Amino acid sequence: KTYEDLYKFSVNNSDDFWGELAKTRLDWYKPFSQVSDCDMNSGNIKWFDGGKLNVSVNCVDRHAAKHPDKVALIWEKDEPGNTEKVTYSQLLAMVCKISNCLKDSGVKRGDRVAIYMPVSPIAVAAMLACTRIGAVHSVVFAGFSADALAQRIQDAGVETILTTDQGVRGGKVIELKKTVDAAVQKCPSVKRVFVSKRTGENAPKTNLDIDLDAAMKTASENFTPEVMDSEDLLFMLYTSGSTGKPKGIVHTQAGYLLYASMTQKYVFDYHDGDIFGCVADIGWITGHSYVVYGPLSNGATTVLFESIPTYPDPGRYWEMVERLKINQFYGAPTAIRLLLRYGDSFVKKYDRSSLKVLGSVGEPINHEAWEWYHNVVGDGKCDVVDTWWQTETGGIAVTPRPSGPNDKIIPAAPMRAFFGIQPAILGSEQEDLQGVNEGALCIKNPWPGMARTIYGDHERFMDTYYRPFPGHYFSGDGAKRDEEGFIHITGRMDDVLNISGHRLGTAEVEDVLDEHPDVAEAAVVGVPHAVKGEEAFAFVTVKENFSRDHETLVKELQGLVRERIASFAVPSQMLVTEGLPKTRSGKIMRRILRKVAAGQVDDLGDISTLADPTVVSILIRDSNFVF
Ligand code: ATP
Ligand code: MG
């Protein structure tokens, strides 16, 4: 069957499609009685109701039984060239030991457990141990401040935290335990803190601490898994906070796992024996679905990347690809744009012939970055998949592959719906826009990986995703359908510019600015204008050796936008600056730039997810030099 046939079947016979896959791809204690029972108007969503299973069994036990010595995890440690491998049977032992430690200390089914650990086998085993005992994990990126961690602990009523003494990223030590202790000061709910050793330096101690490594030494390697219902909570995870206060998104057992598993296999054309290299942190949904649950449910070898793309130099990713013989590489546009600045030599010195598929996720990828990824990193031989999805969708929803192997891939667009997903582009009157058109990206039908709620706030869930376009899931992003029916992402709806009645996505203007050879990165926001309603304001950073004057550059950029888009799109103000505000997951926070552009720097909103707060003062300083 062709992709088209299968796709049509998947949306027209959704229950047959997902039901059959759930039966054959997952191991069940008890079969489900109903494939789906979803009401997108009330937000009551159930998949595989009545079924009983355990996620850790699906990710570990069944593979350990078949091929105990196959490598499950390759830990690419921060220290260059240092790797540790964990086989499926070793992973099973680790998971069972941690499960015993958790249970012995009083952690029960349904409890929320915070994991604040670097990307590492112990962190993955901790996630899986939670699933084994039926606890709900909440992984918090091990780089968030004590306040951000405390907020997440309080929101979820966490009693148990797993952490390490310290972390290391890019050669820098991060005081994880110290941060946990500071957070716990504000969180009386916390009863215990499991601490594992990463550096072995003297981390501070409190009377809540349990030495995880010591406890594991004596713990049993067997643990009978909890029998979970399909719709029991699996994990909660906070969104990146690009648009405001992060949302504690809830995913459940069977639907999420099946969707992560299917997308990992088919989007990346994963085959048995491949080495799967997703470089996301486990603190983000990409790490959950494509470092942990997707690959492990498929019995794959998955890479855990603890470092950063520029350590010890900008060749880190490609040196690792050569050494580990990675077949699928999955990263973010922010990193690709950063590495592109350093030129091709860091890529070309390494053998990348193992690569088959290159993935991108997190933000719209601009054309210049896409071409570089395709031509330089992939030597023009790999499929580049720009994958659109969100914490809320659980897995990839719009993506160039799967499709026929000879079906074309166009640059910088996610193009096609994944099986079972029916995207729709809706207009301001909530009308379903057909043909070539632009509007709000929605999904018309339920799918197994969809979020079930926002933890403790179902009203916010309904208001955000289901009430704006009744009967549809609303993504919050804007999209455009082209002449061939392919989908392009125009940016976030919150960021859409409305200039003299013309609606314009930020991504479109940024893409043009990014193409200028001197521009490293660009971010565009709207500022109020008495007559036009809004005007575009552009922030740009320049590449390494730029030394010309800013005014000339600004003129060139304005000319470029006029030529490529239209005069109305030309930013009326531009700021050449040193850095852009980003979330800790590497996304540009345009809401902060909007405030800077409007001169409202005293009221920046929730900045707990901002990666580097000093950027804001740099922006304020530079804003005296707006052109
Ligand atoms: P918050 O919801 O808290 O504002 P966030 O939306 O950044 O944060 P995530 O769930 O991590 O949190 O990111 C999902 C968003 O990332 C998408 O809604 C979209 O805006 C953007 N995104 C992800 N992949 C792509 C892509 N391939 N192309 C364009 N945008 C993408
Ligand atoms: Mg979002």
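For the stretch 14-103, the relative contact order is 19 percent, taking Cα pairs closer than 8 Å that sit 6 or more residues apart in sequence and dividing their mean separation by the residue count. Which of rounded, prolate, oblate describes the stretch 497-609, given a ≥ b ≥ c as roots of the alpha-carbon gyration tensor eigenvalues and a/c under 1.5 marking rounded, otherwise prolate only if a/b is larger than b/c? Cα axes put the stretch 497-609 in the oblate bin.
Note that the stretch 602-617 has calculated 3J(HN,Hα) couplings of 7, 9, 8, x, 5, 10, 5, 9, 5, 6, 9, x, 5, 4, 5, 5 Hz, one per residue in order, obtained from phi through the Karplus relation 6.51 cos²θ - 1.76 cosθ + 1.60 (θ = phi - 60°); glycine and proline are x. Using 0.36 nm per residue and subtracting the Cα-Cα separation, the extra length available between A598 and D272 on full extension is 112.0 nm. Taking every DSSP beta bridge that has both ends in the chain, the antiparallel portion is near 60%. Full extension of the segment from K444 to V531, taken as 0.36 nm per residue of separation minus the current Cα-Cα distance, would add 27.6 nm. Around E4, with a cut-off of 11 angstrom between Cβ atoms, what is the net charge of the other residues, counting Lys and Arg +1 and Asp and Glu -1? Residues close to E4 contribute a combined charge of +1. Label point of S572 set 7 angstrom out along Cα-Cβ; within the stretch 520-537, amide nitrogens under 20 Å from it belong to 523-537. Here is the tail figure for the stretch 157-211: Cα pairs spaced more than 12 Å apart come to 61 percent of all pairs. The residues of the stretch 537-627 present an accessible area of 47 Å² per residue when probed at 1.4 Å with all protein chains retained. Relative contact order for the stretch 483-609: what is it in percent, counting Cα pairs under 8 Å that are at least 6 residues apart? Over the stretch 483-609, the number comes to 21 percent.
Note on I607 and S189: with the Förster distance fixed at 22 Å, the Cβ-Cβ geometry gives a FRET efficiency of about 0.30. Which residue, F419, G579, G380, has the largest displacement toward the positive end of the dipole of the chain when charges sit on each Cβ (Lys, Arg +1; Asp, Glu -1)? Checking the options against the dipole of the chain, the answer is F419. So what's the net charge close to S189: Lys and Arg +1, Asp and Glu -1, counting the other residues with Cβ under 13 Å from its Cβ? Residues close to S189 contribute a combined charge of +2. According to the calculation over all Cα-Cα pairs in the stretch 89-142, the P(r) per 5 Å bin from zero is 5, 24, 32, 25, 13, 1 %. Compute the label zone of H67 within the stretch 383-403: residues whose backbone N is under 13 Å from the point 7 Å along Cα-to-Cβ. No residues fall inside that zone.
Projected over every direction and averaged, the convex hull enclosing the alpha-carbon atoms of the chain yields 26.4 nm². Legend: residue pairs K444/K532; K265/K348; K186/K245, Cα-Cα distance threshold 30 Å; pairs beyond threshold, K444/K532.
The residues of the stretch 427-483 expose, per residue, 42 Å² of accessible area to a 1.4 Å probe.
With a cut-off of 15 Å between beta carbons, the residues surrounding C101 carry a summed charge of +1, where Lys and Arg count +1 and Asp and Glu -1. Between the beta carbons of K172 and N375, assuming R0 = 22 Å, the FRET efficiency works out to 0.10 to the nearest 0.05. Sequence-ordered 3J(HN,Hα) estimates for the stretch 491-500 from the Karplus curve with 6.51, -1.76 and 1.60 and θ = phi - 60° stand at x, 7, 4, 4, 9, 4, 8, 10, 10, 6 Hz, glycine and proline given as x.
Annotation: peptides 304-312, 9-17, ranked by per-residue average of other Cβ atoms within 10 Å with the highest first, follow the order 304-312, 9-17.
Relative contact order for the chain: 12 percent, from Cα pairs under 8 Å spaced at least 6 residues apart, divided by residue count.
Give the calculated FRET efficiency between D351 and D211 to the nearest 0.05, with a Förster radius of 30 Å applied to their Cβ-Cβ distance. It comes to 0.10. Assuming charge only on the beta carbon of Lys and Arg (+1) and of Asp and Glu (-1), the dipole of the chain about its Cα centre is about 1360 debye to the nearest 20. Here the stretch 580-609 is scanned for amide nitrogen atoms under 17 Å from the site 7 Å beyond the Cα of H550 along Cα-to-Cβ, giving 580-581, 593-594, 596-599. Restricting the stretch 514-604 to GluC sites (Glu not before Pro) that sit in a DSSP loop and have at most 16 other Cβ atoms within 10 Å of their own Cβ leaves E544, E578.
The distance between label points at D344 and K408 comes to 2.4 nm (points 7 Å beyond Cα on the Cα→Cβ vector).
Ordering L162, I275, Y116 by the projection of their Cα atoms onto the charge dipole of the chain, which places +1 on the Cβ of Lys and Arg and -1 on the Cβ of Asp and Glu, puts L162 at the extreme positive end. Between G478 and residues 5 or more places away or on another chain, which pairs have amide H atoms under 5 Å apart, with H built 1.01 Å from N, and which residues are they? It is L441, T490, G491, R492, M493, by chain and number. With labels modelled as points extended 7 Å from the Cα through the Cβ direction, what inter-label distance (nm, one decimal) is found for K23 paired with D5? Using points 7 Å along Cα→Cβ, the separation is 2.1 nm. Per-residue surface analysis assigns F48 an accessible area of about 0 Å², computed on protein heavy atoms at 1.4 Å probe radius.
Dipole orientation for the chain: of the candidates P309, L92, F469, L92 has the Cα lying most toward the positive pole (charges on Cβ; Lys, Arg +1; Asp, Glu -1).
When the chymotrypsin sites (Phe, Trp or Tyr not before Pro) in the stretch 318-403 are filtered for DSSP coil states and for at most 13 other beta-carbon atoms within 10 Å of their beta-carbon, no site remains.
With the Kirkwood sum run over all distinct C-alpha pairs, the stretch 1-50 has a hydrodynamic radius of 12.0 Å. Evaluating kT/(6 pi eta Rh) at 10 °C and 1.306 mPa s, with the Kirkwood radius of the stretch 193-294 over Cα pairs in the Stokes-Einstein relation, gives 93 µm² s⁻¹.
The values are calculated or read from the model by the stated rules, or taken from the named source; none is laboratory data. This structure is a prediction, so every number in the text was calculated from the model and none was measured. Neighbour counts run over all protein chains shown; Cβ positions are idealised from the backbone, glycine included. We work out accessible area using only protein heavy atoms, side chains counted, and drop any ligands, DNA or RNA first. Shrake-Rupley method; radii C 1.70, N 1.55, O 1.52, S 1.80 Å.
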